[in-house]
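There's a structure below that I have some questions on.
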Amino acid sequence: MLPPAGVGMKMEPIRLCAACYTESPCHKVEWQLKVIQGCDRHKLHLLSECPNCGGRFKIPALWIDGHCQRCFMRFTKMVNYQKSVKF
């Protein structure tokens with residue numbers, strides 16, 4: 001899967017919408033596109049680090065437990081730290 005022509009990808013940091021991930025634990029490749037700053041479904045900014053400890057998110061395969069691998073803050077609680085974004 002490649003991004004659309006002329007659209008680059010951010011390989012790091014890994015970004016996520018905690019609200020999406022709470023509903024369905026699956027990383028979306030569009031979260032890594034440089035032109036994407038927020039979740040179009042929930043209208044929230046993407047997170048690139050844990051709002052509790054500041055640790056960057058590890059590879060998505062480790063997210064199966066639904067929490068930060070460093071401080072164990074649940075993704076469901078991270079939703080409260082996501083700011084609204086206007087599209």
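Condition first: surrounded by fewer than 16 Cβ atoms within 10 Å (Cβ to Cβ) and either part of a helix (DSSP H, G or I) or without any contact (Cβ under 8 Å) to a residue 24 or more places away in the chain (or both). Can you find one or more residues in the range 8-21 that meet it?
Scanning the range 8-21 turns up at least one residue that is surrounded by fewer than 16 Cβ atoms within 10 Å (Cβ to Cβ) and either part of a helix (DSSP H, G or I) or without any contact (Cβ under 8 Å) to a residue 24 or more places away in the chain (or both).
Output the residue which, of all residues in the range 22-39 that are free of Cβ contacts under 8 Å to residues at least 12 places away in the same chain and not in a loop (DSSP other than H, G, I, E, B), is nearest to Asp65 (Cα to Cα).
Glu23
Can you tell me which residue within the range 42-87, out of those that are in contact (Cβ under 8 Å) with a residue 24 or more places away in the chain, closer than 23 Å to Met11 by Cβ and among the basic types (Lys, Arg), is surrounded by the most Cβ atoms within 10 Å (Cβ to Cβ)?
Arg56
Also: Any chance you could count how many residues in the range 31-41 are among the charged types (D, E, K, R) and surrounded by 16 or more Cβ atoms within 10 Å (Cβ to Cβ)?
0
A follow-up question, please. With the condition kept exactly as written, say whether any residue in the range 40-56 is basic (Lys, Arg), assigned to a strand (DSSP E or B) and within 18 Å of Glu23 (Cα to Cα).
no
Got a number for residues in the range 44-77 being touching a helix residue (DSSP H, G or I) at 6+ places or on another chain (Cβ under 8 Å) and of a type in the set (A, V, I, L, M)?
The number of residues fulfilling the criteria is 3.
For the range 57-73, which positions are under 17 Å from Ala19 (Cα atoms), outside any helix (DSSP H, G or I) and more than 13 Å from the chain's Cα centre (by Cα)?
Across the range 57-73, the qualifying residues are Phe72, Met73.
Where a number appears in this text, it was derived from the coordinates with a stated rule and is not lab data. Note that the structure is predicted; figures quoted are calculated from it, not measured. Cβ sites come from the backbone with ideal geometry, for glycine too, and all protein chains shown count toward neighbours.
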